[in-house]
1. Which residue, of Ala197, Ala206, Ala157, is in contact with a Pro (Cβ under 8 Å, 6 or more places away or on another chain) and either surrounded by 13 or more Cβ atoms within 10 Å (Cβ to Cβ) or over 16 Å from Ala136 (Cα atoms) (or both)?
2. Can you list the strands (runs of 3 or more DSSP E) lying wholly within segment 90-198 that have 3 or more residues being farther than 30 Å from His51 by Cβ and not small (Gly, Ala, Ser)?
3. Which of the residues spanning segment 71-85 are assigned to a strand (DSSP E or B) and in contact with a helix residue (DSSP H, G or I) (Cβ under 8 Å, 6 or more places away or on another chain)?
4. If you take the residues of segment 90-109 that are within 15 Å of Trp6 (Cα to Cα) and without any contact (Cβ under 8 Å) to a residue 60 or more places away in the chain, which of them is surrounded by the most Cβ atoms within 10 Å (Cβ to Cβ)?
5. Out of the residues in segment 175-194 that are modelled with pLDDT under 75 and under 16 Å from Glu154 (Cβ atoms), state the one that is surrounded by the most Cβ atoms within 10 Å (Cβ to Cβ).
6. Read through the list (1) touching a residue at least 60 places away in the same chain (Cβ under 8 Å); (2) farther than 19 Å from Thr8 by Cβ, then give the number of the only condition that Ala162 fails.
Amino acid sequence: MRIRNWMTANPLTVTSDTLLMDAKKLMATNNIRRLPVVDKKGRLVGLLTRHLIIEAMPSGATTLSVHELHYLLEKLTVGEVMQKDPLTVGPNDLVQNVILLGHQKGIGAFPVVEDGKLIGIVTESEIFNAVMSLIAPREGTSLIVLEDVQLSKEVGATSRIASIIEKRGVPVEAIFTMPHRTRAGNNVYIRARTPHAANLQADLDAAGFRVVPIPS
């Protein structure tokens, strides 16, 4: 599954000279928590988040007067608050790789960049929907899980799985891989368009894969 199929394309954006209060209103009006910041050529220069806006607000311990606070906030720009040079992903990146990157870096959203220009943004909500589209039970489909597949050690493991599926003639909606949390190897998730996946499971088991059937 590729990011381009799940990202929000052509997201709302602001420029670095946009007033912070205007960006805050834009977020509230559209019920979003992040705004990519672009230059005049559409190139990404930063990311503004609701959390960064909150951090920019004066604390209750400030000695400034209400009028002074109001004046300062009116002059504050996005460029003074935004995260510069945020981590990005590409439209053809695999969803599972982006999940891992987000987990490693503690990031809940990534601007999507292609040929140097912003084309979208993908958040934890879209990624959750992508994963749910694979694992959530749906009529007419079955989920098959292969445990401890040594993708990094066994050359051609992915091709073998694909070949078995092709020979059985089972249409597949998605194949998704994730590293196992505690052991070496990957779990491979197959969402197949067949109400009964027993034959495919048997084929994969006979080929030496550890099959864990999941009721659909």
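The values are calculated or read from the model by the stated rules, or taken from the named source; none is laboratory data. This one's a predicted model, so the numbers in the text were calculated from it and none came from an experiment. Every residue, glycine among them, receives a Cβ derived from its backbone with ideal geometry; neighbour counts consider all protein chains shown.
1. On inspection, the qualifying residue turns out to be Ala197.
2. Counting at least 3 such residues, we get 142-149, 172-179, 186-192.
3. Residues satisfying the conditions are Thr77, Gln83.
4. Restricting to residues being within 15 Å of Trp6 (Cα to Cα) and without any contact (Cβ under 8 Å) to a residue 60 or more places away in the chain, the top hit is Gly108.
5. If we take residues in segment 175-194 being modelled with pLDDT under 75 and under 16 Å from Glu154 (Cβ atoms), then Pro179 is surrounded by the most Cβ atoms within 10 Å (Cβ to Cβ).
6. Among (1) touching a residue at least 60 places away in the same chain (Cβ under 8 Å); (2) farther than 19 Å from Thr8 by Cβ, the lone unmet condition for Ala162 is (1).
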